[in-house]
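Enquirer: Structure below; questions to follow.
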Amino acid sequence: MGVAHPGEINAAFADGFNRRDVDAMLALYDPEGAVVEMDGTTSVGQMNVRDHLQRLVELGGQMVSTNLTAIVLGELALVTAEWVITDTVVAPRMNGRSAEVLRLQPDGSWAYLIDQPA
């Protein structure tokens, strides 16, 4: 299950990351969702997104993700955020901006349809 408002999704994602709860993070994705990998390829579908999320939480550290925009148009929303992960196993600090397309779910929640985390 996603979130009640698109502007809440980035904080919910960071919360799942900080708890190392891949299932909670995956629940934020549409069943047909996709995530863009660091090499620019796209992983589509629940199993591939789960693999991506598992690799992400294995970095360790703590994430803060701050929503910048949430533009809703019907059953779609465009969300942008700034994120930072500190004290990872690969670097003391990783940061970036993300852009995501969310889709309204049948239960009224919002979930990632396309996640571009770079």
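The values are calculated or read from the model by the stated rules, or taken from the named source; none is laboratory data. These numbers were taken from a predicted model, which means no experiment stands behind them. Cβ coordinates were reconstructed from backbone atoms using ideal geometry, including for glycine residues, and neighbour counts include every protein chain displayed. Ligands, DNA and RNA are excluded from the accessible area calculation, which covers all protein heavy atoms including side chains. Shrake-Rupley method; radii C 1.70, N 1.55, O 1.52, S 1.80 Å.
Enquirer: With a 1.4 Å probe and every protein chain kept in, tell me what percent of the accessible surface of the chain is carbon plus sulfur.
Expert: Answer for the chain is 59 percent, counting heavy atoms of protein chains only.
Enquirer: Moving to a separate point now. Using a 1.4 Å probe, how large is the accessible area of VAL44, given in Å² and rounded to the nearest 10?
Expert: Rounded to the nearest 10, that gives 80 Å².
Enquirer: Right, something else. From largest accessible area down, sort LEU28, LEU56; use a 1.4 Å probe on the protein chains.
Expert: Final ranking, largest accessible area leading: LEU56, LEU28.
Enquirer: Of all GluC sites (Glu not before Pro) in the range 57-118, which ones are in loop regions per DSSP and have a Cβ with at most 12 other Cβ atoms within 10 Å?
Expert: Details: sites: GLU58, GLU75, GLU82, GLU100; in loops: GLU58, GLU75.
Counting only loop positions with at most 12 other Cβ atoms within 10 Å, the GluC sites (Glu not before Pro) in the range 57-118 are GLU58, GLU75.
Enquirer: Given the DSSP H assignment, sum -39500 (n - 2.57) over each helix run of at least 4 residues in the chain and divide by its residue total; what's the result at 222 nm in deg cm²/dmol, nearest 500?
Expert: -6500 deg cm²/dmol
Enquirer: Further question: Keeping all protein chains in the complex and leaving out DNA, RNA and ligands, what accessible area do you get for LEU76 with a 1.4 Å probe, in Å² to the nearest 10?
Expert: The accessible area comes out at roughly 80 Å².
Enquirer: Right, another one. Give me the accessible area per residue for the range 17-65, probe 1.4 Å, as a whole number in Å². Intermediate results must be reported in sequence, preceding the final value.
Expert: On the way: 2550 Å² over 49 residues.
Per-residue accessible area for the range 17-65 comes out at 52 Å².
Enquirer: Kindly identify the range 49-96 as rounded, prolate or oblate by the Cα gyration tensor criterion: order the square roots of the eigenvalues as a ≥ b ≥ c, call it rounded if a/c is under 1.5, otherwise compare a/b with b/c, prolate if a/b is larger, else oblate.
Expert: In terms of gyration-tensor shape, oblate.
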